[in-house]
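Student: Handing you this structure, nothing more for now.
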Amino acid sequence: MPKGRKRPPVQMPRADGNCRRTCYSASLALEICARLANGEKWALICNRGRLPHCSALSKWRDKHAEFAEALAQAREIARERAGPLTGDDLEHLKGLLMAKKASGPGKPRPGRRNIVHVRYGPRVAREICEHLAAGEIWSQIAGAGRLPSVATFYRWRRDFPEFAAAVEDARRYAAEARFDAALVVAQASTPATVQSDKLHVATLFAHAEKLDPDRFGRGAGSGEPRIRRIVIRRFERAVREDGTEYVRAIDSVQEQEDER
C-alpha cells in the first residue's frame, strides 16, 4: 500500500458468508447490552442479524467509554438477575449509553472527574463494606474502580435498609481497627516523636469513638447509663431600657438516658 494512504475498513465475515461493515450506534450498543444482560453469550450471538463481529466488542469498548460502562453493568445484571431483564434495568443501560450524547461534544472541563454509574447489588455492597471495615475513608476511595460516587453511597444507604445496616456493622469494625492503630502508634512512640504521636493517637481515639460510641466512647464499659443532653431554644421579643426591641434566645436543657 502506498505510503500516506489510509487502510480501508476491514470487512467482517458474516454467518451467511457475506461481508459488511458494522458501525457503532447507541441503539446497536443498547441491543448488545440488553441481550448480554439477559444471559446470552456474545460468542453465540455475534455476527448474527445486525450484530457486529466478535472482535468489534473489544474495539468499541476501548473507543467508547459509555459503551464500556454499560457493558460492565450488563454483565453484572446477568450475574445477579433472578429472571428476565426488567424495564428499570433497560432504562439504566440506556441512560449510561446516552450520557455522552447528552453532555454534548467537546473536551471535559479541567479538574472534573468522570462519573462512574454503578448499579446497586450484593457484590458491590459487600465490596464497599469490606473497604469500610478495613478502616478506609470513603471520600478517598469513592468513584475508584467499580465503587460508586459519594452521593450514590448516601442514596443507597437511604434507599436500601439492608445496605445501611451492613455499613453500620462495617463502621464498628473500622472503630476497632482505629483503636488497634492507636495502640500501635503509642507503643512505637519515642521521645523525639511523642508530641506528634499524641495528636495521632487522639485523632484515632476520637474517630473510633465517633464510629462506635458504645464501645469506645466516654464512659463505655462502666455500666453506667449514658446521658443525652437536649437543648431546646426558644425566641421571644423583648424591649431594652432605651425602648428598642430585640429578639432574646432562651435555652432550656433536658437530660435523658440514652437507650442505645
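Student: Can you compute the modelled spin-label distance between Glu127 and Thr203, with each label point 7 Å from Cα toward Cβ, in nm?
Tutor: Distance between the two pseudo-spin positions: 2.9 nm.
Student: If each of Ala151 and Trp138 carries a label point 7 Å out from its Cα toward its Cβ, how far apart are those two points in nm?
Tutor: With each label placed 7 Å out from Cα toward Cβ, I get 1.6 nm.
Student: Give the carbon-plus-sulfur fraction of the accessible surface of region 152-205 in %, rounded to a whole number; probe 1.4 Å, heavy atoms of protein chains only. Write down the numbers at each step before the final one.
Tutor: Details: 2170 of 3470 Å².
Carbon with sulfur: 62 percent of the solvent-accessible area.
Student: So if each residue of separation counts as 0.36 nm, and I subtract the Cα-Cα distance between Ala68 and Ser196, what length gain in nm does that give?
Tutor: Working it through step by step, the gained length comes to 41.5 nm.
Student: Just reorder Tyr154, Tyr120, Tyr173 by solvent-accessible area, largest first, 1.4 Å probe, all chains present.
Tutor: From most exposed to least exposed: Tyr173, Tyr154, Tyr120.
Student: While we're looking at this one, here's another question. Amide H of Gly143 versus every other amide H placed in the peptide plane: which residues, excluding those fewer than 5 positions away on the same chain, fall under 5 Å?
Tutor: Ser149
Student: I need the phi-derived Karplus couplings for region 167-181: 6.51 cos²θ - 1.76 cosθ + 1.60, θ = phi - 60°, integer Hz, Gly and Pro marked x.
Tutor: For region 167-181, the Karplus-derived couplings read 5, 4, 4, 5, 5, 5, 4, 5, 4, 5, 5, 5, 4, 5, 5 Hz, x marking Gly and Pro.
Student: Could you compute the net charge surrounding Ala249? Neighbours are other residues with a C-beta less than 9 Å from the C-beta of Ala249; K and R count +1, D and E count -1.
Tutor: Around Ala249, the surrounding residues sum to +1.
Student: Rounded to the nearest Å, what's the spacing between the alpha carbon centres of region 138-210 and region 53-75? Just the number, please.
Tutor: 36
Student: Asp88 versus Ile230, label points 7 Å from Cα toward the beta carbon: distance in nm?
Tutor: 3.5
The values are calculated or read from the model by the stated rules, or taken from the named source; none is laboratory data. Since the structure is predicted, the reported quantities are computational estimates derived from the model, not experimental observations. Cβ: placed from backbone, ideal geometry, glycine included. Neighbour counts: every protein chain shown. All accessible areas refer to the heavy atoms of the entire protein, side chains included, with ligands and DNA or RNA removed. Shrake-Rupley method; radii C 1.70, N 1.55, O 1.52, S 1.80 Å.
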